[in-house]
Amino acid sequence: MPKVHLLDYVAGNVRSLVNAIEKVGYEVEWVRSPEDVAKAEKLILPGVGHFGHCLSQLSSAGYLPALRAHIDAGKPFMGICVGLQALFSTSAEDPNCSGLGFLPGALDRFDDSTKAVPHIGWNNASCPANPTLYGLRPDSKYYYVHSYKYPYKKGELEALGCAVATGTYGGETFVGAVAKGNVFATQFHPEKSGVAGLRVLRAFLDGSGAKALSENPPKGVDGGVDDVIAREGLTRRVIACLDVRTNDQGDLVVTKGDQYDVREKSQDRSVRNLGKPVEMAKKYYEQGADEVTFLNITSFRDCPVADLPMLEILRRTSETVFVPLTIGGGIRDTVDVDGTKVSALEIAAMYFKSGADKVSIGSDAVIAAEEYYRGGKALYGNTAIEQISKAYGNQAVVVSVDPKRVYVPKQDATRHATIKTKFPGPKGEEYCWYACTIKGGRETRDIDVVELTQAVEAMGAGEILLNCIDKDGTNSGFDLELITQVKEAIKIPVIASSGAGNPGHFLEVFQETTTDAALGAGMFHRGEYTVQQVKDYLGERGLVVRKFEG
Ligand code: 1PR
């Protein structure tokens with residue numbers, strides 16, 4: 001197999017990139033020292049996390065001169081995500097740190113006054129002057145996850161000889177991909193962008209992208225993307241969620257509860273078995289799921305360090321599923337069966353190395369948020385959320401919330417953030433608040449969803465997976481009131497979850513709330529609807545969705 005060198009300077013969560021490279025027929029050779037860069041013909045610099053962290057790591061390990069030399073020698077170079085950002089001079093994310101300076105200019109942060117930041121999801125990378133630049137297609141969508149971006153100014157980079165593809169999010173047009181000579185970089189993750197992304201990787205690896213660019217060179221200032229053409233491209237994300245647990249025979253199965261009760265109603269009360277995790281994840285990927293989430297729902301009892309089958313599930317899934325994979329359950333400091341202490345960060349690292357792109361933290365986030373308020377909102381950097389987001393970036397940390405309605409007769413009957421509900425309680429109560437629970441809903445805590453989500457946002461969580469125990473498995477639609485309350489409280493993206501029973505429920509949650517994504521489980525597992533049917537339904541009604549490319 002032909003080879004490509006990969007510079008994994010950060011934390012080792014590049015498993016999905018390695019899988020994608022292998023999928024398109026190349027073998028990864030690891031760069032272990034600056035001397036290895038000189039040996040590389042084709043080099044990929046992936047990037048995760050923080051600009052400053054990335055650049056200072058590269059700098060202290062002596063990589064910067066080697067990277068510049070590789071680029072100056074005219075050898076193929078590809079940067080991904082922070083790997084694109086590293087090509088610029090500076091970033092507002094860490095003004096004290098310099099980039100490679102291959103391109104002039106400073107990155108800035110998305111404006112979060114009117115939209116969720118980070119920008120997470122599927123968006124365009126379109127280059128009207130060169131529509132097939134490195135395998136890009138105008139109608140394809142690519143998976144982005146970033147808070148900082150290079151703002152696109154028509155003609156600026158083109159005047160320097162670049163071909164530029166852009167995306168637009170909340171009125172801000174940014175550089176989605178840039179190519180100049182031997183250098184190509186994407187802000188999006190090709191390895192997580194399904195078939196569309198694999199095409200881009202292949203175009204870099206087999207040299208066809210660079211060849212086509214030399215035959216159809218950038219058109220200078222005239223090749224710029226017109227503001228009028230730049231259109232809002234972020235799609236509505238539809239996520240398939242698989243609750244996984246060990247059944248009574250000891251096998252890991254996909255299950256699904258009704259209000260978190262996953263046992264059959266029949267007399268034997270066995271764990272409901274809806275199928276095999278790896279096969280089902282692949283099926284949803286092929287139906288067009290924009291992300292797949294695994295929740296290991298017995299993990300609050302079982303130590304995940306011993307839970308090698310779950311790691312194996314991730315490894316196998318990431319070989320065939322090229323969209324983001326999230327894994328939740330049991331991410332907290334723990335003690336292994338042999339008495340060894342294992343930190344949440346170490347557990348997360350195992351999951352990332354096995355192919356996860358994000359980890360989802362449930363119970364431990366609630367405990368951490370309670371301590372945050374007890375300590376007067378002080379942050380000490382010692383929570384799982386802070387440690388994992390520092391090492392892998394905010395985008396890698398999802399907090400899964402399991403709230404339950406608590407009805408009250410009056411708005412001020414509790415210290416908690418109440419809402420007036422259209423669905424009064426059993427005694428006609430017109431107000432309710434949402435209490436957070438831990439251990440899969442078994443224990444209710446005195447903290448509400450507003451408090452929890454604001455605390456974890458402050459700690460560095462990048463996204464909220466907002467379940468609702470009252471709605472879970474009911475097929476009666478999402479809890480729009482809950483979603484609205486949480487969306488108003490925070491800036492990070494929210495995934496609406498629990499209650500989806502048909503495509504109309506997805507349309508409703510996207511139209512009636514500002515949710516950033518919506519997740520379904522039971523309706524997909526029971527075969528009532530496919531992911532594709534949901535997306536077709538949304539698309540037919542004018543919502544922007546990603547079409548699956550086979
Ligand atoms: O607390 O960090 O160990 O994480 C445990 C994780 O497992 C949490 O994310 C928690 O939500 C989840 N969990 C624990 N017990 C259950 C259970 O069902 N008994 N599942 C459980 C949560 C909720 C959703 C579900 C949606 C959509 N499942 O993921 O998929 O409600 O369902 P629907 O579309 O069929 O209505 P920790």
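A few remarks follow.
- The number of residues in the range 420-448 that are in a strand (DSSP E or B) and open to solvent by less than 30 Å² (accessible area, probe 1.4 Å) comes to 9.
- Look at the range 456-479: where a residue is open to solvent by 50 Å² or more (accessible area, probe 1.4 Å) and a partner is of a type in the set (Asp, Glu) and modelled with pLDDT under 95, sitting 6+ places away or on another chain with Cβ atoms under 9 Å, you get 474/258.
- Residue check, residue 359 in the same structural domain as residue 320 (by TED's automatic domain parsing), part of a strand (DSSP E or B) and open to solvent by less than 20 Å² (accessible area, probe 1.4 Å): yes
Here is a yes/no grid of residues against (1) over 28 Å from residue 350 (Cβ atoms); (2) touching a Leu at 6+ places or on another chain (Cβ under 9 Å); (3) at pLDDT 95 or above:
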| residue | (1), (2), (3) |
| --- | --- |
| 33 | no, no, no |
| 43 | no, yes, yes |
| 48 | no, no, no |
| 55 | no, yes, no |
| 58 | no, yes, no |
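Rundown of residues vs (1) within 14 Å of the ligand (Cβ to nearest atom); (2) over 24 Å from residue 142 (Cα atoms); (3) open to solvent by 60 Å² or more (accessible area, probe 1.4 Å), yes/no style:
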{"residue": "243", "(1), (2), (3)": "yes, yes, no"}
{"residue": "247", "(1), (2), (3)": "yes, yes, no"}
{"residue": "257", "(1), (2), (3)": "yes, yes, no"}
{"residue": "262", "(1), (2), (3)": "yes, yes, no"}
{"residue": "271", "(1), (2), (3)": "yes, yes, no"}
{"residue": "280", "(1), (2), (3)": "yes, no, no"}
{"residue": "286", "(1), (2), (3)": "no, no, yes"}
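- From the list 409, 324, the lone residue that is surrounded by 15 or more Cβ atoms within 10 Å (Cβ to Cβ) and either touching a residue at least 60 places away in the same chain (Cβ under 8 Å) or away from the ligand (no atom under 14 Å from the Cβ) (or both) is 324.
- Look at the range 189-217: where a residue is free of Cβ contacts under 8 Å to residues at least 24 places away in the same chain, no partner that is aromatic (Phe, Trp, Tyr) and crowded, with 21+ Cβ neighbours inside 10 Å sits 6+ places away or on another chain with Cβ atoms under 8 Å.
- Qualifying residue in the range 345-358 (condition: without any contact (Cβ under 8 Å) to a residue 12 or more places away in the chain and over 25 Å from residue 521 (Cα atoms)): yes
- Which numbered condition residue 60 fails, given (1) out of contact with any Ser or Thr (no Cβ under 8 Å at 6 or more places or on another chain); (2) under 19 Å from residue 81 (Cβ atoms): (2)
- The number of residues in the range 184-230 that are of a type in the set (A, V, I, L, M, F, W, C), open to solvent by less than 10 Å² (accessible area, probe 1.4 Å) and closer than 30 Å to residue 115 by Cβ comes to 7.
- Condition met for residue 363 (within 27 Å of residue 238 (Cβ to Cβ), touching a strand residue (DSSP E or B) at 6+ places or on another chain (Cβ under 9 Å) and away from the ligand (no atom under 16 Å from the Cβ)): no
The values are calculated or read from the model by the stated rules, or taken from the named source; none is laboratory data. Bear in mind that the values here come from a model prediction, so they are computed numbers and not experimental data. Using ideal geometry, Cβ is built from the backbone for each residue, glycine included, and neighbour counts are taken over all protein chains shown. For accessibility, only protein heavy atoms count, side chains too; no ligands or nucleic acids. Shrake-Rupley method; radii C 1.70, N 1.55, O 1.52, S 1.80 Å.
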